[in-house]
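Enquirer: Before anything else, here's the structure in question.
Computed from the coordinates by the stated procedures, all read-outs in this text should not be read as laboratory data. These numbers were taken from a predicted model, which means no experiment stands behind them. Here the Cβ is made from the backbone with ideal geometry for all residues, glycine too, and neighbour counts use every protein chain on show.
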Amino acid sequence: MSGRVTEKTTNSTTSWRQRISALRNVPPTLRIVWESGPEVVLLGLISRIVASFLPIALLWITKLIIDGIVRAISTRQGVSPRFWWLVAAEFAVAVGNGVLARFIDYLDSLLADNYTRHVSIKVMKHAASLDLIAYEDPVFYDRLERARVQATDRLGMIQSIGRLIQQFTTAVLMSASIVAFSPWLLVLLAVGVLPAFVGESHFAFLGYAKNFKQTPIRRQLDYLRLLAGSKEAAKELKLFSLSSYLTQQFTALSNQIYDEDVRLARRKFVASSLLSLLGTMGYYAAYVFVIWRTLLGAITIGTLTFLAGAILQASANIQQVFSTLAGIADQALFLTDLLAFFDMEPTIRSKPNALPAPRTVRQGIEFRDVSFKYPGSERLVLNHLNFFLHPGERVALIGENGQGKTTLVKLITRLYDPSEGQILLDGIDLREYDLESLYREIGVIFQDFMRYEMTARQNIATGQIEQIEDLDKLRNAAEKSRSHDVIARLPLAYEQMLGRRFDGGIDLSGGEWQKVALARAYLRDAQLLILDEPTAALDARSEFEVFQKFSELTAGKMALFISHRFSTVRMADRIVVLENGRVAEQGSHPQLVNQHGRYAEMFEMQAASYR
Ligand SMILES: Nc1ncnc2c1ncn2[C@@H]1O[C@H](COP(=O)(O)OP(=O)(O)O)[C@@H](O)[C@H]1O
Ligand SMILES: [Mg+2]
């Protein structure tokens with residue numbers, strides 16, 4: 001569990017550059033927000049700008065009203081008819097303000113939905129486009145997981161940006177009107193607000209650095225929380241009584257975070273109280289100045305009200321602008337993984353002007369001096385391997401666990417590219433072919449094939465999703481894989497939901513799932529069929545039957561299958577023994593038995609266990 005923590009973020013000397021660099025996340029995030037709904041964003045922007053004018057309009061109308069009243073009282077002539085229009089206008093602005101605020105909320109919720117959907121789809125699409133090899137990298141995997149969470153978790157930031165725009169505009173308008181009256185007032189105000197701003201941003205960055213430092217721990221907390229509630233882990237957690245251990249670990253880690261949080265919050269409380277005192281002093285100094293000017297008769301009482309309000313709101317908004325900004329920077333930090341994820345590029349893709357895969361393969365597939373190692377490992381899983389597969393040939397690949405059989409399959413299917421050497425299809429490097437057209441010619445069922453929590457029909461149709469409506473074809477494939485009988489017994493037959501995740505789903509046994517998965521391979525009209533131990537959960541007799549069928553059905557095609565059972569293996573035209581990343585022996589069953597090599601030894605061992 002501790003492995004993941006060793007990312008560079010644990011470095012406690014989080015540099016300022018690192019902290020500020022998180023702000024770089026803001027523009028690309030804004031781009032994503034914009035993409036997710038330009039109309040909503042635009043409308044929101046306009047509404048906010050309009051809304052930011054309303055407070056000053058209200059203040060100004062109030063000033064006019066008060067001046068009107070004062071004049072009416074001092075001249076004893078009553079108010080003019082225009083006066084009541086002012087009251088009506090103030091009412092209208094107040095109503096407009098309320099409606100606009102709710103309209104902005106409405107737009108925000110629309111935007112939140114759009115954004116979540118847009119980012120989720122973007123993450124799914126991008127994940128699908130990446131090399132499988134990326135998934136082998138724990139750092140990538142971690143990043144993908146976090147990107148998934150971040151995709152939906154950072155709506156607060158978007159709303160903060162909207163609020164920032166509004167606060168900023170209001171602050172500018174209020175300040176401008178104060179300056180128009182007396183520039184000194186703004187100076188006074190700035191002197192009052194500045195310390196608060198410095199304090200605010202200082203603590204924002206401290207908080208930011210703290211969060212940054214805490215990210216690995218929070219990740220661990222997330223993992224523990226997930227683990228404690230996961231279906232996969234439930235069995236072991238119960239049997240090994242691990243849950244109290246997990247809870248303890250969780251408590252210890254979260255206490256650590258809590259202590260750090262409290263310490264910072266306390267410091268912030270003391271410092272910001274003192275600083276806000278300065279702000280308040282600045283405000284009252286300005287206020288006294290305005291009162292003094294009023295008493296001298298230099299300004300009207302209405303103007304006094306206006307300025308008092310403007311000063312109050314300017315100072316409040318300026319403070320808010322900075323704290324919102326600090327909040328955005330803080331949130332932006334958490335988007336690093338999402339954006340880094342979007343920046344990843346696949347390396348396995350079709351070249352421009354790629355060749356279509358040959359519709360009839362003439363020479364077959366050849367591994368020429370192929371070596372391969374997984375990223376992050378120095379071990380050559382395949383070591384200068386030479387291997388061929390001719391059209392119409394059925395080859396069994398055998399070897400002990402970890403000898404690289406599955407890896408070889410992954411290379412043929414171009415889920416990975418060789419580290420050295422070449423794989424040729426009809427004499428041409430696989431990398432020259434168009435990926436899509438290559439995939440079309442290959443039907444493969446992996447050892448760890450998918451059990452889709454979908455209907456039986458969907459499960460089979462995943463082999464060739466265009467055929468999902470063609471029930472006859474699907475049933476035909478199911479008959480070939482011997483899964484038709486399994487499915488026919490289900491209450492809803494082909495429409496039966498499989499798996500336990502959804503209501504009414506029925507789980508199949510391992511062997512039954514394998515037969516269903518096998519139907520996918522038969523659904524494809526591919527020239528190369530590959531089965532990577534897909535029948536390991538079947539008993540020996542069923543496996544034999546499945547492979548007999550397989551051999552009939554693949555007559556004339558290239559077939560590669562991997563199995564540990566010699567009853568199955570001996571059906572192959574040629575048997576290839578893989579050892580230490582090379583072909584150790586190959587030939588037909590009788591030939592290999594007569595060679596008295598590895599194959600003969602393994603065969604003897606298995607035969608002995610049956611005697
Ligand atoms: N994703 C991976 N990352 C690193 N090593 C891997 C990965 N997958 C397999 N290996 C290693 O490569 C070797 C061959 O694995 P594999 O091809 O699955 O063997 P087989 O199918 O013959 O049992 C094993 O030693 C295994 O540990
Ligand atoms: Mg394998």
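Enquirer: Do any GluC sites (Glu not before Pro) in segment 342-414 lie in a DSSP loop with no more than 13 other beta carbon atoms within 10 Å, and if so, which?
Expert: The qualifying sites are Glu378, Glu400.
Enquirer: Further question: Ser377 to Asp261: extension gain in nm, 0.36 nm per residue of separation minus the Cα-Cα distance?
Expert: That works out to 37.8 nm of additional length.
Enquirer: Arranged by the count of other C-beta atoms within 10 angstrom, fewest first, what order do Asp539, Asp369 take?
Expert: Sorted ascending by nearby Cβ count, the order is Asp539, Asp369.
Enquirer: Seen from all sides and averaged, what is the projected area of the convex hull of the Cα atoms in segment 411-503, in nm²?
Expert: Here the figure is 8.1 nm², rounded to one decimal.
Enquirer: Among Tyr287, Ile73, Pro346, which residue has its Cα furthest toward the positive end of the charge dipole of the chain, with +1 on Lys/Arg Cβ and -1 on Asp/Glu Cβ?
Expert: The residue sitting most towards the positive pole is Ile73.
Enquirer: How do the peptides 344-355, 411-422 rank, highest first, by the average count of neighbouring beta carbon atoms within 10 Å per residue?
Expert: By packing density, highest mean first, the sequence is 411-422, 344-355.
Enquirer: For the chain, what ratio Rg/Rh do Cα atoms give with a Kirkwood hydrodynamic radius?
Expert: 1.16
Enquirer: Further question: Which three extents, in angstrom, do the Cα atoms of segment 292-411 have along their principal axes, listed largest first?
Expert: Cα spread of segment 292-411 along its principal axes, largest to smallest: 106, 35, 20 Å.
Enquirer: Glu236 versus Glu453, label points 7 Å from Cα toward the beta carbon: distance in nm?
Expert: 2.0
Enquirer: Also, I was wondering about something else. Work out the charge dipole of the chain with +1 on the Cβ of Lys and Arg and -1 on the Cβ of Asp and Glu about the Cα centre, then indicate which of Gly207, Gln249, Ala607 is farthest towards its positive end.
Expert: Gly207
Enquirer: Roughly how many nanometres apart are two label points built 7 Å out from the Cα toward the Cβ at Arg82 and Gln363?
Expert: 9.6
Enquirer: How about segment 462-513: which GluC sites (Glu not before Pro) there are in a DSSP loop, with at most 12 other Cβ atoms within 10 Å of their Cβ?
Expert: Passing sites in segment 462-513 are Glu469.
Enquirer: Sequence gap at least 6, Cα distance under 8 Å: using those rules, report the relative contact order of the chain to the nearest whole percent.
Expert: Relative contact order for the chain comes out at 15 percent.
Enquirer: For helix 471-480, report the angle its Cα long axis makes with the longest principal axis of the Cα atoms of the chain; keep it between 0 and 90° and round to the nearest 10°.
Expert: Value to nearest ten degrees: 50.
Enquirer: Hey, could you get me the Stokes-Einstein D for segment 23-343, Kirkwood radius over alpha-carbon pairs, 20 °C and 1.002 mPa s, rounded to whole µm² s⁻¹?
Expert: 91
Enquirer: What is the helix-to-structure angle for 598-610, meaning the angle in degrees between its Cα long axis and the longest Cα principal axis of the chain, kept from 0 to 90 and rounded to the nearest 10?
Expert: With both axes taken from Cα atoms, the answer is about 90 degrees.
Enquirer: With everything on Cα atoms, drop me the angle between helix 26-36 and the longest principal axis of the chain, reported from 0 to 90° to the nearest 10.
Expert: So the helix axis and the longest Cα principal axis differ by about 70 degrees.
Enquirer: Under unit Cβ charges (Lys, Arg +1; Asp, Glu -1), what dipole magnitude, rounded to 20 debye, does the chain have relative to its Cα centre?
Expert: So the magnitude is around 1960 debye.
Enquirer: Quick one: 3J(HN,Hα) in Hz for segment 58-69, Karplus 6.51/-1.76/1.60 with θ = phi - 60°, rounded, Gly and Pro as x.
Expert: Values per residue, Gly and Pro as x: 4, 4, 5, 5, 4, 4, 4, 4, 4, 4, x, 5 Hz.
Enquirer: What ³J(HN,Hα) values, in whole Hz, does the Karplus curve 6.51 cos²θ - 1.76 cosθ + 1.60 give for segment 295-304 when θ = phi - 60°, with x put for Gly and Pro?
Expert: Working through the residues one at a time gives 4, 6, x, 6, 10, 7, 5, x, 5, 4 Hz.
Enquirer: For all pairs of alpha-carbon atoms in segment 53-192, what percent lies in each bin of width 10 Å, listed from the first bin to the last filled one?
Expert: Computed distribution, short to long bins: 9, 22, 21, 18, 13, 10, 5, 2, 1.
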